[in-house]
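I have placed the structure first, in the form of structure tokens, so that the comments after it can refer back to it.
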Amino acid sequence: MSNPDSRPARRRHLLEALVLAAAFAVAHTQSPLYYSNQNQYWLHGAAIAGYGHLAGDWLATTRDPTPLFSALVAGAYATAGPWLLQPAYFALLVGYFLTARWLVAAVPGFPDTRPARIVFAALFTAAHAAILRWASVQLSGTDYPWYFQSGLAAQYLLGPGIQPSAFGVLLLVAVAAFAHGKPVTAAGLAALAVGCHGTYALPSALLTLGFMVALARAGRWRTVASIGAVALLVVSPAVIYNLYQFTAPPSTADEAAHILAAVRIPHHCAPARWFDATAGVQLAWCAIGLCLLRHTMVFVPLVVATAIGIVLTVVQIETGSDTLALMFPWRISVLLVPVATAVVVAKALACGPPGRRAERRAIVGLVALVAGGVAVTACGLGYRTADEHELYDYVRATAGPQDVYLLPVQFPGVGSGRGAVSNTFTRPPRAQPGANQIPVDLQPFRLATGARAYVDFKSVPYAPAEVLEWHRRMTIASEMTRRSDWTAPGRREELRTEGITHVVSPRAKPLAAEYLQEVHRDAAYVVYRVK
């Protein structure tokens, strides 16, 4: 018979968890609308919902790599508007914290006391807090706290705002579920992450294999079979969809893979770009976390996933395979790093259980981190982009369904320095040659205006034939952006052939041609209509 006194205790425990999770989410912060990768991954959903003229945009008509996420975006646009996606991300942040809290509850020796739980919340929140990341950038020029939550190769679970990769949180939930003796649920959650974003196919497979190895070592063969069946059932729709939508002849697939790996996302795909001393420290951090988990149920699964990820990374380095690089064998690190952070904190508290005094200090610290998150949001200390609102206001008010805008975009210089950096709390870089940064200028053009763009560098399709078309368009746009003679024979015909009706140029680089009519000028850009 249950103890009646336990029900109020459970309610207090739940309320405590939710308050601490909400504090974490506020301290973490999130980006405003139309930031970074959102400009690519929200596009299909916005077009489906009939936003502006995006249904006719070339990129919006390409094959959708994340249809479930696009359905979420379309639902938001069709009801309350895109702002609805921000509370959805807040909920993801809350879920991430609650999962970390659930995971460390399975760590041997972690004291299940109120002081320990609150001190854990304060320290774990500090590793993610926006105000500390901002302070790190101000003091050192580098966002060092970022490396306690992000993986290798500029990849991560949470990121600045809601996008498909944020649903990698399901992998963390899967690990926590397995730690608490729910292996079938864990396998289903890991497989579900693939449905949200195909980039988690390999990490999910490695983690599920690790679950199966751990259970096989314990002789639980029936559960092994159940895990395999559930994982296969959940992941099959995503696998079938991706095979149907993105399979191409080998020559086309190889060329597209090279464009993506070497031109568009070398900062994710080339170990030479991101494997340095910082990455080495992150790997050591992961190793510490794994060692601290050696007497838990999740030790074997995480070791199996890590070991295979390392082997595949070595194979990729030795072979230079673009296809393997795009599978991101190092992406399992986006799970290992935050797990290590949570476990290191938990083990420290197990070694020296905190008392009431530490609890009070933790509460003060947590309140300060929350206040810092509010300050970052209210004062615009992070997620800063170039001020392009005058251009967006004009285009939003005047663009028609047949208008296509050529933006001033170029292929950035790749350079040779480290690409795996966080720019969340730095000033918006107008990318310098060889700076290893994707240009930020005009990334939100489509979502901010609802108008059709010819092409931009940030947003890219994934079907091989469409990647080749993107590269062709980028080559044309880059050449047009560099050119100085717009009066040369055939220029107007070239624009018309490509369907371009308007040209946007920086104010510092005015264009002169009899077929270009200036229709807008502001502090940063000039818009010309192609007559």
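For the range 27-34, the criterion of being touching a Ser or Thr at 6+ places or on another chain (Cβ under 6 Å) and either among the acidic types (Asp, Glu) or in the same structural domain as LEU349 (by TED's automatic domain parsing) (or both) is satisfied by at least one residue. Of everything in the range 244-258, what is under 9 Å from ASP322 (Cβ atoms) and not hydrophobic (A, V, I, L, M, F, W, C)? Give them in sequence order. Matches in the range 244-258: ASP254, HIS258. Residues that are in contact with a Gly (Cβ under 7 Å, 6 or more places away or on another chain), at pLDDT 95 or above and loosely packed, with under 14 Cβ neighbours inside 10 Å within the range 390-417 comprise just one, PRO401. Of all the criteria given as (1) free of Cβ contacts under 8 Å to residues at least 24 places away in the same chain; (2) within 27 Å of PRO266 (Cα to Cα); (3) hydrophobic (A, V, I, L, M, F, W, C), the one not satisfied by ILE308 is (1).
Rundown of residues vs (1) closer than 28 Å to VAL94 by Cβ; (2) surrounded by 21 or more Cβ atoms within 10 Å (Cβ to Cβ), yes/no style:
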position: LEU15; (1), (2): yes, no
position: ALA22; (1), (2): yes, no
position: ALA25; (1), (2): yes, yes
position: HIS28; (1), (2): yes, yes
position: TYR34; (1), (2): yes, no
position: ASN37; (1), (2): yes, no
position: HIS44; (1), (2): yes, yes
position: GLY50; (1), (2): no, no
position: LEU54; (1), (2): no, yes
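When the residues of the range 378-388 are filtered to those that are on the phi < 0 side of the Ramachandran plot and assigned to a loop (DSSP other than H, G, I, E, B), the one that is surrounded by the fewest Cβ atoms within 10 Å (Cβ to Cβ) is ASP387. State whether the residues of the range 166-181 include one that is surrounded by fewer than 21 Cβ atoms within 10 Å (Cβ to Cβ) and in the same structural domain as LEU92 (by TED's automatic domain parsing). Within the range 166-181 (the criterion being surrounded by fewer than 21 Cβ atoms within 10 Å (Cβ to Cβ) and in the same structural domain as LEU92 (by TED's automatic domain parsing)), the answer is yes, since at least one residue qualifies.
Tally the residues that are more than 24 Å from ALA270 (Cα to Cα), outside any loop (DSSP other than H, G, I, E, B) and among the hydrophobic types (A, V, I, L, M, F, W, C), restricting the search to the range 121-166. Residues in the range 121-166 being more than 24 Å from ALA270 (Cα to Cα), outside any loop (DSSP other than H, G, I, E, B) and among the hydrophobic types (A, V, I, L, M, F, W, C): 12 in total.
Which residue pairs have Cβ atoms closer than 7 Å, lie 6 or more positions apart in sequence or on different chains, and pair a first residue in the range 389-400 that is farther than 10 Å from ALA451 by Cα with a second residue that is in a loop (DSSP other than H, G, I, E, B)? From the range 389-400, the pairs are GLU390/ASP522; GLU390/ALA523; LEU391/ASP522; LEU391/ALA524. Mind checking whether some residue in the range 80-90 is more than 24 Å from VAL343 (Cα to Cα), within 18 Å of the chain's Cα centre (by Cα) and among the polar types (S, T, N, Q)? Yes, there is a match, as at least one residue in the range 80-90 is more than 24 Å from VAL343 (Cα to Cα), within 18 Å of the chain's Cα centre (by Cα) and among the polar types (S, T, N, Q).
Kindly indicate whether any position in the range 28-38 is touching a residue at least 40 places away in the same chain (Cβ under 8 Å), within 17 Å of PHE457 (Cα to Cα) and in a helix (DSSP H, G or I). The answer is yes; a qualifying residue exists.
Counting only residues that are acidic (Asp, Glu), within 20 Å of ALA397 (Cα to Cα) and in a loop (DSSP other than H, G, I, E, B), the range 490-531 holds 1 of them.
So which residues in the range 90-108 are of a type in the set (Phe, Trp, Tyr) and surrounded by 21 or more Cβ atoms within 10 Å (Cβ to Cβ), if there are any at all? Scanning the range 90-108 gives TYR96, PHE97.
Each residue in the range 169-191 was checked for being small (Gly, Ala, Ser) and either in a loop (DSSP other than H, G, I, E, B) or modelled with pLDDT under 95 (or both), and 1 of them qualify.
Cβ separations smaller than 9 Å between residues 6+ apart or across chains give the following pairs from the range 218-246 residues that are within 30 Å of VAL467 (Cβ to Cβ) to residues that are of a type in the set (D, E, K, R) and surrounded by 19 or more Cβ atoms within 10 Å (Cβ to Cβ): GLN245/ASP64. A search for C-beta distances below 9 Å between a residue of the range 509-531 that is assigned by TED's automatic domain parsing to the domain that holds SER484 and more than 18 Å from ALA453 (Cβ to Cβ) and any residue that is among the β-branched types (Val, Ile, Thr) and in a loop (DSSP other than H, G, I, E, B), counting only pairs 6+ apart in sequence or on different chains, returns ALA512/THR487; ALA513/THR487; GLU514/THR487; TYR515/THR487. Of the residues making up the range 84-99, those that are of a type outside the set (Gly, Ala, Ser) and either touching a Gly at 6+ places or on another chain (Cβ under 6 Å) or touching a residue at least 40 places away in the same chain (Cβ under 8 Å) (or both) are LEU85, GLN86, TYR89, PHE90, LEU92, LEU93, VAL94, TYR96, PHE97, LEU98, THR99.
The values are calculated or read from the model by the stated rules, or taken from the named source; none is laboratory data. Everything numeric here is computed off the predicted structure, so don't read it as measured data. Neighbour counts are summed over all protein chains in view; Cβ atoms, including those assigned to glycine, are modelled from backbone coordinates with ideal geometry.
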